[in-house]
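The values are calculated or read from the model by the stated rules, or taken from the named source; none is laboratory data. It should be emphasised that the depicted structure is a prediction, and the values quoted were computed from it without experimental measurement. Glycine also receives a Cβ, built like all others from the backbone with ideal geometry; neighbour counts cover every protein chain displayed. Ligands, DNA and RNA are stripped out before the accessible areas are found, and what is left, the full protein with its side chains, is counted by its heavy atoms. Shrake-Rupley method; radii C 1.70, N 1.55, O 1.52, S 1.80 Å.
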Amino acid sequence: MVEMVSRPYAKAFESFAAGNPDILCLSADLTSSCEVDGFRDRHPDQFISLGMAEQNMMSFAGGLGLAGYRPFIHTFGVFMYRRPYDQLMASIAYPRRKVRLMGFLPGITTPGGMTHQSIEDISVMRSIPNMTILETGDATEVESICEAADSIDGPVWCRVLRGSVPRLFDTPIKVGEMRELSSGDDILVVTSGICTEEAMRARSALAKAGLSIRHLHLHTIKPFDSKALLDHIGSVKHGVITLENHVTEGGIGSLVAETMADAGVGKRLIRLGLKDTYAHGGSRPYLMRYYGLDALALVRGIEDLTGQQFGITENDLDSARVEDVHSLVKAEAL
Amino acid sequence: MRNERTTEEVALGIRRRVFEHSMRNNGGYLSQACSAGEQLAWLYNEELKLGAPTLPMIPKPFEGVPSPSNPDYHTGAGYNGPATPEFDRLFIAPAHYALVAYATLIEVGRMAPEGLEMFNKDGSSVEMIGAEHSPGMEVHNGTLGIGLSTGAGLAYGRKRRGEAGRTWVFMSDGEVQEGQTWEAVQAAAHHGIDNLYAIMDVNDQQCDGAMSSVMEVGDIKTKFQNFGAACIEIDGHDLTAMRDAVKEKHDGKPLIILARTNPFHTMSILEERFPRLHYVRFKSEDERARMNVSIAADLGVEPVDYSH
Ligand SMILES: Cc1ncc(C[n+]2csc(CCOP(=O)(O)OP(=O)(O)O)c2C)c(N)n1
Ligand SMILES: [Mg+2]
């Protein structure tokens with residue numbers, strides 16, 4: 001059984017930020033939803049409430065950066081780049097302010113539908129000069145995201161998981177590296193965020209089918225270590241498959257494609273994720289199945305890549321975790 | 001289409017449904033039924049001129065997002081009747097009020113009660129945060145602050161085409177913190193969009209608690225007037241005041257009605273949670289049971305049997 005950690009960000013942020021006079025906690029009326037309500041109550045002098053006014057918050061954070069502070073902005077990811085994109089560019093990214101953008105509810109981790117699901121943020125952030133991008137895939141990464149983000153000399157976009165989060169890894173994020181979760185030589189699977197857990201669910205079934213999988217987990221999306229990826233690609237016979245909680249245009253699938261094209265790698269690549277579509281509201285397992293982001297989608301992708309059928313069904317996969325929609329670890333049901 | 005029931009009865013019915021739903025699901029946007037019950041009841045039962053629904057009483061399942069490969073895509077606006085020139089249109093700008101809006105559709109006979117059972121269920125179109133394919137919705141508004149602008153654009157376009165129908169936007173007070181709301185009023189005033197109407201649930205609360213503790217917004221009536229709107233402030237639980245407010249002359253200006261409300265109106269026990277009422281999830285089985293008994297008594301119904 002995988003260990004579940006309750007609200008890892010709440011504790012991690014507090015122990016990282018409390019008492020550091022240069023770190024300020026900014027929030028746009030989603031304080032408990034982003035697990036910083038305890039911090040607000042215990043460290044009010046380091047907390048700045050900016051109301052539901054994200055455009056102002058972004059430029060305000062830029063100003064704080066100019067004054068030598070390192071603001072950590074907390075809101076749902078979507079609200080931090082869609083409306084206030086211009087402010088993000090002009091006030092934060094261009095001047096390389098040390099603003100840490102903590103984006104909650106990445107991709108389809110929320111039933112809130114199109115307006116709450118940040119499905120193209122990585123694509124957007126990858127195209128912004130000066131931006132660093134980190135994504136958490138488990139509790140240990142959430143616990144180390146503040147330190148990792150704050151080590152960067154410039155703005156950092158973070159996809160943060162909240163609520164009840166599984167622990168998959170036992171070492172913190174090391175910015176710029178990638179995790180090698182298995183070292184097979186048939187196929188390279190590259191995942192990030194919540195899709196890594198999905199790929200792990202398929203691990204034993206694929207092994208039983210006789211496939212040797214090399215699995216990489218990416219927590220650092222920009223800057224990216226192309227050389228390390230190319231070495232891994234060189235070690236597998238068949239090709240590469242990516243799975244991400246994001247549209248396939250511009251996310252890690254594109255990142256891998258660009259890396260391969262730049263180096264002239266002639267192997268096949270299959271990119272799984274949201275296929276040029278918006279998503280809608282529903283539970284996480286349902287949406288992952290509906291849009292092909294789950295373990296079974298990965299198995300089908302691998303079948304496509306190898307041209308073989310393995311006869312693997314849902315029953316052969318490790319069971320999916322079903323989240324309690326009304327769990328006390330969330331401020332609302334989003 | 002007019003309902004035979006009084007607007008008071010409709011408001012009570014909305015609250016009973018939202019209460020029952022929240023009890024069964026151990027939480028929900030319950031306080032929005034307290035604050036906005038009269039406003040939505042009044043709009044649907046009296047004020048809006050709407051045709052008969054064009055979509056089935058029992059909502060269809062989710063049928064895909066808009067895309068070139070989904071030619072049959074349609075929104076949930078058909079629950080408000082056809083979008084023909086003579087009829088009014090309504091946007092629910094704060095899409096988290098969807099639960100209250102769905103309950104209203106049921107109370108005025110535009111959706112079957114089964115619709116609420118599909119709320120937030122996988123594969124259903126009756127989404128928790130009203131999507132544009134959800135019953136009674138015509139546009140996505142879950143990102144707050146965009147509703148009034150869309151309403152202004154629709155109203156302007158309809159005026160230009162000589163359509164008689166008005167465009168109404170139901171708003172929340174949290175939206176006044178977003179700059180876009182003010183840009184919308186500015187544009188509506190500049191272009192004389194007087195077929196645009198808004199009623200705002202001024203419950204003085206938002207996610208983090210009391211608006212004054214999160215971001216003070218000051219005298220919004222004066223602010224709206226200074227931005228060029230006609231603006232009236234009323235007691236949002238007083239239907240007579242609502243009926244009078246809409247008669248206000250507002251030539252060349254949008255009309256904004258500020259409905260000052262109480263977020264635990266008719267459910268007195270919710271005051272225990274004040275000012276953190278944005279999303280009410282019961283903290284313990286004991287609290288759930290106490291609230292069940294107390295609110296049921298306030299609303300004149302039996303406590304909800306949520307054990308199965
Ligand atoms: C642009 C945007 N920012 C943040 C949110 C998250 N959010 C949803 S409701 C809400 C509170 C807004 O206040 P109000 O609508 O008055 O809430 P209520 O009275 O129902 O508590 C917030 C911040 C959002 N939906 N859209
Ligand atoms: Mg409010």
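Just check the protein assembly as shown against the gyration tensor rule for me: Cα atoms, a ≥ b ≥ c as the square roots of the eigenvalues, rounded for a/c under 1.5, and otherwise prolate or oblate depending on whether a/b exceeds b/c. If you can, show how the numbers build up before the last one.
Values: a/c = 1.77, a/b = 1.58, b/c = 1.12.
It is prolate, given that a/c is not under 1.5 and a/b is the larger ratio.
Taking the charge dipole of the range A:7-165 about its Cα centre, with +1 at Lys and Arg Cβ atoms and -1 at Asp and Glu Cβ atoms, the residue from A:Leu64, A:Ala139, A:Ile48 reaching farthest to the positive side is A:Leu64. Computed over every Cα-Cα pair of the range A:178-308 and binned at 10 Å starting from 0, the pair-distance distribution P(r) comes out as 13, 48, 33, 6, 0 percent. For the range A:7-165, the relative contact order comes to 26 percent (Cα pairs under 8 Å, sequence separation of at least 6). Derived value for chain B: Kirkwood hydrodynamic radius 19.6 Å. Basis is the mean of 1/r over every pair of different alpha-carbon atoms.
What do you get for the angle between helix A:54-66 and the principal long axis of chain A? Use alpha-carbon atoms, 0 to 90 degrees, nearest ten. Taking the Cα atoms of chain A, the angle to A:54-66 is about 70 degrees.
Listed by chain and number, the lysines placed with their C-alpha closer than 16 angstrom to that of B:Lys247 are B:Lys49; residues fewer than eight positions away on the same chain are left out.
Within the same chain, aspartates and glutamates fewer than 8 places from B:Lys60 are excluded, and of the rest, those with a Cα less than 14 Å from its Cα are B:Asp72, B:Glu114, B:Glu117, B:Asp122, B:Glu127, B:Glu132. A protection proxy built from the mean count of other Cβ atoms within 10 Å ranks the segments B:107-114, B:67-74, most packed first, as B:107-114, B:67-74.
With +1 on the Cβ of every Lys and Arg and -1 on the Cβ of every Asp and Glu, and nothing else charged, how large is the dipole of the range A:7-165 about its Cα centre, in debye rounded to the nearest 20?
Values: 14 positive and 18 negative charges, 53 e Å.
Taking the Cα centre of the range A:7-165 as origin, the dipole is about 260 debye.
Just to confirm, what accessible area per residue do you get for chain A at 1.4 Å probe, in whole Å²?
Details: 11820 Å² over 334 residues.
It amounts to 35 Å² per residue over chain A.
Placing +1 on the Cβ of every Lys and Arg and -1 on the Cβ of every Asp and Glu, with nothing else charged, gives the range A:1-86 a dipole about its Cα centre of roughly 100 debye.
Taking a ≥ b ≥ c as the square roots of the Cα gyration tensor eigenvalues, with a/c under 1.5 meaning rounded and otherwise prolate when a/b beats b/c, else oblate, which class fits the range A:72-223? It is prolate, given that a/c is not under 1.5 and a/b is the larger ratio.
Pairs exceeding a 30 Å alpha-carbon distance, out of A:Lys330/B:Lys121; B:Lys159/B:Lys223; A:Lys98/B:Lys223; B:Lys221/B:Lys283; A:Lys11/B:Lys221; A:Lys11/A:Lys174: A:Lys98/B:Lys223; B:Lys221/B:Lys283; A:Lys11/B:Lys221.
Each principal axis of the Cα atoms in the range B:84-132 has its own extent, and those three values, largest first, are 36, 22, 17 angstrom. With all pairs of different C-alpha atoms in the average, the Kirkwood value for the hydrodynamic radius of the range B:77-208 is 15.3 Å. Taken as Cα centroids, the range A:81-103 and the range B:260-289 sit 37 Å apart, rounded to the nearest whole angstrom. Report note on the peptides B:220-233, A:72-85, B:153-166: ranked by the mean count of other C-beta atoms within 10 Å, highest first, their order is A:72-85, B:220-233, B:153-166. Cross-link partners for A:Lys208 among the lysines, with Cα-Cα distance under 25 Å and sequence neighbours closer than 8 places in the same chain left out: A:Lys237, A:Lys267. Helix A:8-17 and the longest principal axis of the Cα set of chain A meet at an angle near 50°. For the residues of B:123-130, the average number of beta carbons from a partner chain within 10 Å of their own beta carbon is 5. By its C-alpha gyration tensor, with a ≥ b ≥ c as the square roots of the eigenvalues, how is chain A shaped: rounded for a/c under 1.5, else prolate for a/b larger than b/c, else oblate? It is prolate, given that a/c is not under 1.5 and a/b is the larger ratio.
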